[in-house]
Every structure is written in structure tokens, then in C-alpha cells.
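These notes are about the structure you will find just below.
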Amino acid sequence: MQIKYTFLILIILIILTKVVFAQTGSIAGTISDSLSKATLPGCIVILKEKEQGTSTNGLGKFSFTDLMQGYYVLQVSFIGYKSKAISVYVEQNKTVTLDIKLIPAAINIKEVSVTESRSPMEAMNTISSLDILQRPVNSAQDLMSLVPGLFLAQHQGGGKAEQIFLRGFDADHGTDFAVFWDGIPINMPSHAHGQGYADSHFMIPETIDQLDVYKGTYATQFGDFATAGVATFTTKNTVDNMVKFEAGTYGMNRIMGMLNLLGNKHHLLTKKKEYAYISAENMYNQATYFVHPQDYSRVNILGKYFGQLSDKTTLTLEGSYFNSTWNGSGQIPVRAVTEGLITRFGSLDPSEGGHTDRTNANVILKTYFDNGAILKNQVYYSFYQLNLFTDFTFYLTDTLHGDGINQRDNGRSVFGYNGSYEINNDLAGHNLKTVIGLTTRGDMGQLSLRHQEDRVILDTVSMGNLYEQSYSLYLDETYQFTNKFFINAGIRADVFDMNYRDIMPYDTFTEDNTGYVSYNGSKVSGKVSPKLNLYYDFNKDVQFFIRSGYGFHSNDARAVVSNPNVSTLPAALGYEIGSTFKPFSKMLVNAALWGIHLANELTLDQDIPQENINGPTQRLGADLSIRYQLTKVLYFDLDMNYSHGRFMDSAVGHNYIPLAPTFTSVAGLTVKTGGFSASLRYRAIDNRPANNDYTVIAQGYFVMDGIVKYRIKNIEFGATVENIFNVEWNEAQFDTLTRLNGESVGGIDQLCYTPGAPRLIKGSISVFF
């Protein structure tokens, strides 16, 4: 008993000693751009003496506490800015307050550290930060292509969402790849044309500030469609006044402008830092290399306000509008060209095309507490429409009028909430970062599939009202066991409530409902997805990682509510091992071996409509990304990606996954010096199976582009050449059973494709004011 009391007294004495004698000080500061005066979230700040690092929060603030009296050196760095070392003397019971200004500067990979970020999950995004500053971006398609290893294919005049390929997935228009824009989900569940349809054409490239990439199923904060990966785009808080004019061959032109509404002297809601701007673009591309011009027209408008309401609170208000119309040349069978029925850029049904529009409203309120915690509340609303006319099989079914279809996603309202609470605590002398999140999303709209000829509706195949609501709750923990070893563990729970109700006109029904596919009913399903990721920082330039986790993509509500054999939320198990490292001071490398198992490769073919239950799949692969600064002004980037995918329950030789990419590569050389910049880039994809027995081949291609820019004071000139060598390549490709007018009944199964664009040349002039 005496020993027990003695031990208790010793503990009390130790605590009292710390309170009385270990009086410490602290360092706090704000980091901002020396020119725009805007604060810089995400800056890396290293306290050299303690080998301790942190990053600035959304207000550009950082702090270090419990520092003994003495001298310290802070190393401050941020990609795109000149690094700075600051000497600080800390006194007992006092806080040193710093106001640090960083000067914009050319990128120096030598100063980039792999492991200095506060979160080990963010190491991959160092590559994305380099890319968005270095690589030329001229369109929404270019923005998506910034994701390492991602390939896109467009097959309707530029108007439809691109077909996405990543990590062995033909993700269609987004079924297995999630996209977010300032926290708003872009993918559309139970869409009229494709599950997870993600149309990113409403993004104005010049307004994008940051791209974060999460490959695989490992990030706890993402749920539906986040199987192959996730891309989150963040817009700028402030912009320079500018207007840009572009014109190119084959009838292309674009005008874009950005206007800073407040400047440095005007205020709207607060006397603290706040910014507001409006940006707009009008783009038209006739694409006259097609026999029937595409006449792609697009209008985008974005307005954004960001303000610091108090020392602890920021408010973001955002609204955007997007409208687009186009004609489509369509996917043509190989035989139509080889037999001379049409030319390579001809069309068998020139009535294809459509119209789409999207309106977004977004409100984000963030609160930063004295203990470093961050509370985020976001509400958003989107109004979306698509009216699409396509023809894939021609006269296979209807030998008189043809097989043209009309798919409408009419008046869809999307409303949602994203909430999260993030806090760092001390556990056994090491940092524990906790993030708790709650989200919900509702989709309401009308879906229809009709039979049409020359955009005239002939009859209705299906029509109904969709109501789909999802809820999710997640917990994510990152614990720093030592200065080098981190563990990230998370779990999320998702619940989906799907409802679909037929609203077919009474006179469309026959006595036996022959030819009518009825999707009607409701279903509630849930999914729990655990994650486990390990990180080891060998030194500041080498990080090893092992990542694993379950994810999922939802299936179309129409298939789910009407077919008991259809899984609502088929699971995807992902895992990988790899490293982000710097073999040389000016080279950054990310390498990974990965695998993804999908429980059921089910698809709903909305063109028929019909469920295709294809069973489980396995994909194994390797990714390699290299960023190398050859000289002070010359940069090299390379992405190489290999994948091997197969259906697990099919016989060998008949188990290929159609259109799954096997090898892809993207690379470029970029020169930046003074006001001059130039880039030469290629993208290449290998041959891949177009069907499950590889008897039809989707042809690979190699295409090279070039861009040059030169800025003199407030004017920037640019020139771009796409497809420099004018190669013939197929952009979108499918194995399709088709029948041309006059052919025998039954049809022919062969490759159908949309031709890739020939050599395109365009020039631009930007005026800053």
C-alpha cells in the first residue's frame, strides 16, 4: 500500500513540476501571397529543431505550441512560390506572431519534399500540384486529363460527358470514377444515358486552382463511384482581370473573361479579407472536318464570393450556369467506310446530337477553432437536364424508321449537404488526426427513353420519375506512431433509398404490355466500407505506403427496384503497395502495384434498356509517374500505366473485359522562362479487347500535341497544334451489332468508332487589366 501511495505522489510531483517549471512559448502566423495579398492554405511549415511539420489551414494560419525558450528556424514552402527560412526567438509564456509573405516564383522540384505534408495521404497530390502549374490546360477535357493515368474519349461532337478510362476500367461516363467540383458531386446516379454520368464541361479551366487525386478505394471521405479513383477540383478564390480570345481551324472560336468585382478597396460582407469575381465563356466549334458539322456551342458563367467573416470563420458563396447544344456524327461501323458508303468523317445518321444544361448553387461555411479544429458545413443545389439523340444499331430492330433513340434526363434536382469536423489531438505523445463526416444527397427527376427518327419522337419505350436519396457517415483516423510511421484507418456507412415510378401514358400499353419494359418499385440498401492505409517516411524524400479499402458504385435504380438479382451497391476491394520518392534532387517519382476486385460488373444498358449481369472481375496493374526538372527552365513528365483485367466466372479466352485499357502512357516536355512557355506532349493507348473473347480489337493510337505561349507585359499570345502528325485514330470504339439499310436481317457484329480529330491549329490572345 505504501508503494502505491509513493507512486501516486511521484506522479503528482511530476505534473506539478511541469506546470511550475516547464513554462513554454509558441509561434503563430499567417502566410499570404506577396502580390495578391490572398492567404495561402496548404503551405508547408517545418520547425527544423524539432523535425516537426504542419500546414496552413483555410485561413492561411499555422501554429506551434509547447516550445521551450530559445531560437528556432521555420522553413516555409509552397509549390509555385520561393521558399523562405525564418529565424524566431521564443520566450516563455509568450507567442511570437508572424505575417509571412511568399513571392511567386518558378517551380523548383529540388525544394519539394515528399513527406513534409501534414497528412501522408496528400503525398500523391504533390504531383497534381506540379501538373496544374506546368501543363497547358485549354478545356474541361484537359482538366480531367491531369489525373495521372486517366484517358478520355469523346463520341458526340463534344457535347456528351467523356468516356473515362482508368486503372483497367472502362468507367463509361463515370460509373467507377468520382468527380467533385468545390465539394459538389458531379456524377449522376440512375442517369438517362449512363450510371454515374459526370459531365465536366461546365468547368471554366482558367478558374481552377487545385486538383486533388485519389486513386483506388482508400479515402474514407468518398463513397459512391469512388472505385478506380476520385478527382476533386477547387476553384480560385481570387482572379486577375482578363479577357481571352481564341480561334482555330474548322470553325472553332472561344471568348472567355474574368472580372474581379471587389479589388483591394471595396467590401461586401466584412471588413476583413474577401474576394468576389465573375467568369464567363462562350465557345463554338463547327468541326467542319466532319461531313455534317458538329456545331458545338457552349456557354458557361461562374460567380464566386469568398470572405473571412471573422478571425475564425470563412464563407463561400458560389453560383454557375452551363448550357450546351451540339450535333453528333455518331459511331460508324468499319464496313460503312471500307465499302465506300461514307467517308471516315461521314455519318449514317446525321440527326444525332442534343442539348444539356446545369445550374449550381453552393454555400460553404468553415469555422476554425482555437484548438486547431475545423468545422465545415456545406449545402448545394444543382438543376440538370439532358436531351440526347443517338443511333447505335441503325436498322437492326426497326427496318423502316431506324433505331434512333432519345434519352432525356428531364428537370433533375440535386440537393445535398456535406458536413465534417476535423481535430488533432495528442495520444501517447503523438498526433492523432480525427475527421468525422456526415453527408446526404437527393436526386429527383424524370427519366425517359423514346424511339425517334430525325429527332421526331415515334413512340415511348420507358418513362418514369426518379427519387433517390443517400446518407453517409464516416470516421477517419490518422495516427502518427513515430516521426516516420503513420497509420490511417477509416470506416464509412452508406444507405441508399431508391424509388422509381412509371408514368407511361395509358395509350402506350398493349393488353399484354408486349415490348414495354417496366421499372417500378423501391428499395433501401446499405453498405459498410472499412479502410486501412500504412505510411512510412524513410526520410524527407522517400515515403512507402500500403493502402487497402472497400468501396462501391451504386447501380441504376431502375434495375435495382425491378430485379431481385441486381445488387444495389456491389463492393469493390482495392489494395496497393508503392512509394513516392525523389531518386535525385530534381526528380519526383510515384510508383505503385495495385489490384481491384469488383463483386459484380453489372451494367444497365439504357439504350435498350436491359440489365447485363457480368459477374465479378479482377484487375491487377502497375502505375508509374515521373516529374523531372532537367534544367532551371525545362521540365519532363511521364505517366505509364499497365493493367490486366479479367472476368472471374467466365471461361479462359472468353473472360476479357471489353474496352478495359491494358497500357497507357502520357508524357511531355515543358519549357518555362520569363514570359515564354512551350510544351510538346503525347498520349498513347495500346490495342485492347472490344469484346469478351478478343475477336474484335479496339485500336490503339499515339497522338502528339504542342503549345506555345508568350507574354509581354499585360498581353499573352498563344498557339496550339493538336494531332501534330495528322494521324488517323479512333477516339471512341465499341463492338456493336448493327444492320445498315439494305443489309440482310440479323446484323453484323463488328467494331464501330468515332474518328479522332485531324490536325487542329488555334491561336489565342489574352489581355490582363
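Numbers at a glance
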quantity: In segment 286-298, residue nearest to I342 (Cα to Cα) [restricted to those that are crowded, with 21+ Cβ neighbours inside 10 Å and in contact with a Pro (Cβ under 9 Å, 6 or more places away or on another chain)]; calculated: F290
quantity: Pick from segment 74-89, criterion out of contact with any Ser or Thr (no Cβ under 7 Å at 6 or more places or on another chain) and under 24 Å from V633 (Cβ atoms), ranking: least open to solvent (accessible area, probe 1.4 Å); calculated: G80
quantity: Test: D459 is in contact with a helix residue (DSSP H, G or I) (Cβ under 8 Å, 6 or more places away or on another chain), open to solvent by 30 Å² or more (accessible area, probe 1.4 Å), in a strand (DSSP E or B) and of a type outside the set (V, I, T); calculated: yes
quantity: Test: residue in segment 295-315 that is without any contact (Cβ under 8 Å) to a residue 40 or more places away in the chain, in a strand (DSSP E or B) and hydroxyl-bearing (S, T, Y); calculated: yes
quantity: Residue within segment 354-365 that is aliphatic (A, V, I, L, M), open to solvent by 10 Å² or more (accessible area, probe 1.4 Å) and in a loop (DSSP other than H, G, I, E, B) present; calculated: no
quantity: Test for S472: is it on the phi < 0 side of the Ramachandran plot and at pLDDT 95 or above; calculated: yes
quantity: Where a residue in segment 145-171 is free of Cβ contacts under 8 Å to residues at least 40 places away in the same chain and open to solvent by 10 Å² or more (accessible area, probe 1.4 Å) and its partner, wherever it lies, is of a type in the set (D, E, K, R) and assigned to a loop (DSSP other than H, G, I, E, B), with Cβ under 6 Å and at least six apart; calculated: L152/E162
quantity: Of residues in segment 431-456 being surrounded by 14 or more Cβ atoms within 10 Å (Cβ to Cβ) and over 32 Å from the mean Cα position of the chain (by Cα), the one farthest from I374 (Cα to Cα); calculated: E453
quantity: Selection from segment 377-403 of residues that are more than 23 Å from S297 (Cα to Cα) and buried (at least 19 other Cβ atoms within 10 Å of the Cβ); calculated: Q378, Y380, F392, T393, F394, Y395, L396, G402, D403
quantity: Residues satisfying the stated conditions in segment 237-261, i.e. under 14 Å from Y305 (Cα atoms) and open to solvent by 20 Å² or more (accessible area, probe 1.4 Å); calculated: N237, T238, L259, N260, L261
quantity: Candidate set from segment 262-279 (those that are aliphatic (A, V, I, L, M) and open to solvent by 40 Å² or more (accessible area, probe 1.4 Å)); member that is farthest from G763 (Cα to Cα); calculated: L269
quantity: Residue among T478, T482 that is touching a residue at least 40 places away in the same chain (Cβ under 8 Å), more than 27 Å from S525 (Cα to Cα) and surrounded by 20 or more Cβ atoms within 10 Å (Cβ to Cβ); calculated: T478
quantity: Only one of T338, T434 that is among the β-branched types (V, I, T) and either modelled with pLDDT under 95 or more than 30 Å from F496 (Cβ to Cβ) (or both); calculated: T338
quantity: Wholly within segment 518-618, strands (runs of 3 or more DSSP E) carrying at least 1 residues that are at pLDDT 95 or above, among the hydroxyl-bearing types (S, T, Y) and surrounded by 16 or more Cβ atoms within 10 Å (Cβ to Cβ); calculated: 521-539, 542-552, 571-584
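Residue by residue, here is whether (1) within 30 Å of L473 (Cα to Cα); (2) assigned to a strand (DSSP E or B) holds:
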position	(1), (2)
S347	no, no
T399	no, no
N406	no, yes
R412	yes, yes
G416	yes, yes
E422	yes, yes
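The values are calculated or read from the model by the stated rules, or taken from the named source; none is laboratory data. Everything numeric in this text was worked out from a predicted model, so none of it was measured. Cβ coordinates were reconstructed from backbone atoms using ideal geometry, including for glycine residues, and neighbour counts include every protein chain displayed. Note: areas computed on protein heavy atoms with side chains; ligands, DNA, RNA excluded. Shrake-Rupley method; radii C 1.70, N 1.55, O 1.52, S 1.80 Å.
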